[in-house]
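Notes follow the structure.
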Amino acid sequence: MNTVNTLLAAIQGTGRDERRGGYTRPVYSSAELDLREWFTAEAQQRGLGVEQDRNGILWAWWDMPDDGRPRVQARRGALVTGSHLDSVPGGGAFDGPLGVASALAAVDVLQTREKEGSLQRNRALAVAVFPEEEGSRFGVACLGSRLLAGAIEPARALSLRDAEGNTFADVARANGLNPDLMGRDEATLATIGDFVELHVEQGRGLNTKEFTDHAGRGPAVAVAGSILGHGRWRFSISGQGNHAGTTLMADRADPMVAAAQLVLAVRKTAAAKVDARATIGRLEPLPGGTNVIASSVDLWMDVRHPDDAVTAALVESIHGQSQKIAAMEGCTVRLTEESYSGTVHFDPALQRSLERSTARTVPRAPVLATGAGHDAGVLAASVPTGMLFVRNPSGISHSPEEYVEDDDAQLGVDALVDALQDLL
Ligand code: HGY
Ligand code: MN
Ligand code: MN
């Protein structure tokens with residue numbers, strides 16, 4: 001088995017979710033902390049120096065030979081690769097870890113080439129692991145890279161709460177971080193010359209007939225062109241909690257009924273707009289009893305579209321509909337924006353470099369837009385970033401069925417090695 005698959009096999013038991021299937025590895029949970037330990041050990045075995053910065057991001061440094069300069073100077077403009085280890089609830093084995101494991105496997109190859117003299121490095125290389133990319137515990141996607149880039153107010157980040165009511169500040173403190181130091185980190189940003197993230201493809205872009213030959217096989221790797229703008233909004237619908245048996249149907253103000261109509265309205269509104277995607281994947285009635293009419297229902301909406309103005313218009317339309325629906329049910333509704341990232345176009349020069357290097361390994365590797373958010377998307381506002389996607393035969397992601405074939409994972413590493421070598 002090749003290195004990247006050996007590395008992934010080593011963590012396949014970590015954070016398994018027996019109820020949902022797949023993996024549930026929220027940031028700073030024991031599962032994600034175990035993965036951080038795994039990463040740190042694997043990096044140190046490769047002679048990389050592992051550090052955690054004040055925002056909780058892990059950096060495994062393959063420094064240049066010591067030239068007497070202070071380390072921060074020697075690292076300025078470094079080449080960085082990596083991804084995340086946290087997952088969505090019941091997520092797949094590859095979303096995040098494939099990028100981290102592929103980066104470690106790529107370091108193996110590059111270090112061998114340097115020893116053999118076929119790699120002349122001009123800059124340091126780091127493998128980074130970003131916390132809370134999924135936003136599954138604290139509700140804001142890419143929280144770690146947002147803090148690093150100053151894309152979220154530290155006070156807002158620190159006050160975010162998980163489902164148990166723990167604040168991000170408390171959890172960060174419990175994991176050795178000082179909340180007072182969190183936020184945009186110019187010195188660390190200055191060490192990033194380019195960031196290249198390899199990620200499992202979350203969609204069927206590599207499997208459309210445009211890219212598959214007669215044998216149904218097409219390129220296993222794609223270069224990313226852009227990331228769809230995407231955001232998360234929370235609806236809180238309030239009604240009258242009551243007894244399921246003693247409350248006549250005409251006497252009810254039932255937020256669950258309003259929520260059900262809102263879910264259908266979200267689907268209908270997005271389906272009417274080309275390229276729009278809107279999802280209600282999470283709904284929480286309070287108190288949530290079988291014989292109880294809920295007093296309130298929270299539901300979270302994920303909306304995405306290539307044009308940020310269209311996303312905003314969709315949200316406004318759905319908000320207006322939610323108010324009418326709630327009023328019809330004698331309820332009230334409150335809308336809160338929880339997270340938003342505008343559409344990102346990756347750095348053109350870096351993208352061209354990735355296209356050139358990938359063509360050596362995977363002829364006809366296409367450039368794909370993605371509907372999934374990534375730390376590379378958040379960092380794109382501060383440093384040149386680019387991405388490589390590895391074929392996922394079904395295209396299914398954020399699900400236990402997410403999959404990458406061993407050979408394709410190896411092709412992803414080969415493409416990453418060539419990409420990094422050209423950039424080093
Ligand atoms: O939600 C996303 O697009 C990403 O997987 N965090
Ligand atoms: Mn994801
Ligand atoms: Mn991801």
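Bear in mind these aren't lab numbers, they're just calculated from the coordinates by the rules spelled out. Everything quoted here is computed from the prediction, not taken from an experiment. Positions of Cβ are backbone-derived with ideal geometry, glycine not excepted, and every protein chain shown enters the neighbour counts.
Things worth noting here:
- Odd one out for SER397 among (1) polar (S, T, N, Q); (2) out of contact with any strand residue (DSSP E or B) (no Cβ under 8 Å at 6 or more places or on another chain); (3) not in a helix (DSSP H, G or I): (2)
- Count of residues meeting criterion [more than 13 Å from ligand 1 (Cβ to nearest atom), assigned to a helix (DSSP H, G or I) and among the hydrophobic types (A, V, I, L, M, F, W, C)] in the range 360-394: 1
- Odd one out for GLY165, checked against (1) over 30 Å from GLU284 (Cα atoms); (2) out of contact with any strand residue (DSSP E or B) (no Cβ under 6 Å at 6 or more places or on another chain): (1)
Residues are listed down the side, and each one gets a yes or a no for (1) hydrophobic (A, V, I, L, M, F, W, C); (2) over 24 Å from ALA172 (Cβ atoms):
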{"residue": "LEU35", "(1), (2)": "yes, no"}
{"residue": "ARG46", "(1), (2)": "no, yes"}
{"residue": "GLU51", "(1), (2)": "no, no"}
{"residue": "TRP61", "(1), (2)": "yes, no"}
{"residue": "GLY68", "(1), (2)": "no, yes"}
{"residue": "SER83", "(1), (2)": "no, no"}
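- Among the residues of the range 227-245, those that are buried (at least 18 other Cβ atoms within 10 Å of the Cβ) and outside any loop (DSSP other than H, G, I, E, B) comprise ILE227, GLY229, HIS230, GLY231, ARG232, TRP233, PHE235, ILE237, SER238.
- Taken as a whole, the condition of being surrounded by 18 or more Cβ atoms within 10 Å (Cβ to Cβ), part of a loop (DSSP other than H, G, I, E, B) and touching a helix residue (DSSP H, G or I) at 6+ places or on another chain (Cβ under 7 Å) does not apply to VAL333.
Yes/no per residue for (1) over 29 Å from GLU201 (Cα atoms); (2) surrounded by 19 or more Cβ atoms within 10 Å (Cβ to Cβ); (3) in contact (Cβ under 8 Å) with a residue 60 or more places away in the chain; (4) within 16 Å of ligand 2 (Cβ to nearest atom):
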position	(1), (2), (3), (4)
GLY82	no, yes, yes, yes
GLY90	no, no, yes, yes
CYS142	no, yes, yes, yes
ILE152	no, yes, no, no
ALA157	no, yes, no, no
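- Considered as a group, the residues in the range 86-121 that are more than 15 Å from ligand 1 (Cβ to nearest atom) and among the hydroxyl-bearing types (Ser, Thr, Tyr) include one that is farthest from GLY13 (Cα to Cα), and that residue is SER118.
- Within the range 370-387, being within 16 Å of ligand 2 (Cβ to nearest atom) and either among the hydroxyl-bearing types (Ser, Thr, Tyr) or over 14 Å from the mean Cα position of the chain (by Cα) (or both) holds for one residue alone: THR370.
- Single condition VAL344 does not satisfy, out of (1) within 16 Å of ligand 3 (Cβ to nearest atom); (2) at positive phi: (2)
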